[in-house]
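Okay, so here's the structure we're looking at.
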Amino acid sequence: MVSLNNKAVIPTRLELDSEFRFRCHPGCACFTRCCRNIEILLTPYDVVRMKRRLGMSSTDFLKKYTRYAEDEKTTHPLLYLRMDVEDDLYCPFVTPGQGEGKGCNIYSDRPAACRYYPVGQATHRIMDEKNEEPRHDEWYMIVKEGYCLGFQEDKKWTVAAWQKDQDSTLYDDMNREWKNIMMKQDLPKADKNREKRQQMFYMASYDLDTFRRYVLESRFLEMFEVPPATLEKIKENDIELMKFSIGHLKYLLGISRELKLKPHVAEAQRARIAEMRAQEDADREARIAEAKRAKLEK
Ligand code: SF4
Ligand code: SF4
């Protein structure tokens, strides 16, 4: 029911029709052992499902149940489920122990990583020969924790059957575009707007209730073209808002401009950029002229 521990990964590539043997049930001697002291990486759809299940705003959910980290390679904001330090590092949603009444208290809304376990997912971006759009190569692996007795059971699965049984394909569909964005390299750390962009990225990915207020109450609608039908949908519907946020994330990272600036804003932005470039050119010319003068005076 958990996330990926690299030491426990069996380094064999599995495809959808690959088979493995596994069964998890409340009678296992290890039941709920895997819901303690683990790293569970959350996706935007995980947060939507859990905050709705708990009847909380995304902001309150994030504060109470998650911890923030930064991806070392891309510097994108990552979100982990926070284990309960006052309860022996158990997941805040588990009732520990074996047998009926024990286990995950949010089972039908548990995160994708919990659904997939003991299967791990990997995605790799591959540039094709013409170096056009990258394609994503997805495969799977088994994560075999030493304490997990589920592998001693005799139930056989294919990866595809496991996905269906755990309802994880819905999560894959909901998270696919966002995961693709997460694989994109962020702008350099030296970028002066980086911190602001990180905050925006975090809000648009995970804190959808704040993102909704930002869209509806800031200058966002003065700046961007948002069709009235889309606007109506995102006012109430978290899933529509989550899909809309993907366009904003792509805009932030310069991946695409499917979210369009209004013509007068785009025009003003072009004029500002042209002015900046002209100033940079003038500064460069001045520096070259100064260097030439200094050389002649020597
Ligand atoms: S069988 Fe494995 S997945 Fe199931 S409760 Fe035990 S440790 Fe967790
Ligand atoms: S969310 Fe549920 S399944 Fe996942 S670690 Fe917590 S208790 Fe276990």
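The values are calculated or read from the model by the stated rules, or taken from the named source; none is laboratory data. If you're wondering where the values come from, they're calculated on a predicted model, not measured in any experiment. Reconstructed Cβ throughout: ideal geometry from the backbone, glycine too, with neighbour counts over all protein chains shown.
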- Message: Show me the helices (runs of 4 or more DSSP H) entirely contained within the range 212-254 in which 1 or more residues are small (Gly, Ala, Ser), within 15 Å of the chain's Cα centre (by Cα) and surrounded by 19 or more Cβ atoms within 10 Å (Cβ to Cβ).
- Response: 238-253
- Message: Checking the condition at pLDDT 95 or above, more than 16 Å from ligand 1 (Cβ to nearest atom) and touching a Pro at 6+ places or on another chain (Cβ under 9 Å), which residue from THR43, THR59 passes?
- Response: THR43
- Message: Quick check on the range 255-267. Is at least one of its residues at pLDDT 95 or above, among the β-branched types (Val, Ile, Thr) and surrounded by 10 or more Cβ atoms within 10 Å (Cβ to Cβ)?
- Response: no
- the range 77-110, subset closer than 21 Å to ASP207 by Cβ, touching a strand residue (DSSP E or B) at 6+ places or on another chain (Cβ under 7 Å) and not hydrophobic (A, V, I, L, M, F, W, C), residue nearest to ligand 1 (Cβ to nearest atom): ARG110
- Could you grab me the full set of residues in the range 16-40 that are more than 13 Å from ligand 1 (Cβ to nearest atom), at pLDDT 95 or above and of a type in the set (D, E, K, R)? ASP17, GLU19
- Of these, GLN152, GLN166, GLN199, which one is within 16 Å of ligand 2 (Cβ to nearest atom) and of a type in the set (S, T, N, Q)? GLN166
- Message: Where the second residue is of a type in the set (Lys, Arg) and away from ligand 2 (no atom under 14 Å from the Cβ) and the first is farther than 17 Å from ASN175 by Cα and lies in the range 100-125, which pairs have Cβ atoms under 7 Å and are six or more apart or on separate chains?
- Response: PRO118/LYS144
- Residue match in the range 46-60 (condition: surrounded by fewer than 18 Cβ atoms within 10 Å (Cβ to Cβ), under 19 Å from PHE201 (Cβ atoms), under 21 Å from the mean Cα position of the chain (by Cα) and not hydroxyl-bearing (Ser, Thr, Tyr)): no
- Top-ranked residue of the range 90-146 - restricted to ones that are polar (S, T, N, Q) and at pLDDT below 95, ranked as farthest from MET183 (Cα to Cα): GLN98
- Please work out which one of (1) more than 16 Å from ligand 1 (Cβ to nearest atom); (2) out of contact with any Asp or Glu (no Cβ under 7 Å at 6 or more places or on another chain) is the condition ARG49 fails and give its number. (2)
- Got a number for residues in the range 20-46 being part of a loop (DSSP other than H, G, I, E, B), more than 14 Å from ligand 2 (Cβ to nearest atom) and farther than 16 Å from GLN166 by Cβ? 2
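Looking only at residues in the range 77-119 that are among the aliphatic types (A, V, I, L, M) and over 27 Å from THR158 (Cα atoms), which one is farthest from ligand 2 (Cβ to nearest atom)?
LEU78
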- Message: Of everything in the range 70-102, what is among the hydroxyl-bearing types (Ser, Thr, Tyr) and closer than 24 Å to LEU208 by Cα? Give them in sequence order.
- Response: THR74, THR75, TYR80
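Could you say which residue among ARG67, ARG49 is within 13 Å of ligand 2 (Cβ to nearest atom), among the basic types (Lys, Arg) and either in contact (Cβ under 8 Å) with a residue 24 or more places away in the chain or more than 22 Å from GLY97 (Cβ to Cβ) (or both)?
When all the criteria are applied, what remains is ARG49.
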- Query: Can you list the strands (runs of 3 or more DSSP E) found entirely within the range 74-169 that contain at least 1 residues being surrounded by 12 or more Cβ atoms within 10 Å (Cβ to Cβ) and in contact with a Cys (Cβ under 8 Å, 6 or more places away or on another chain)?
  - Reply: 77-81
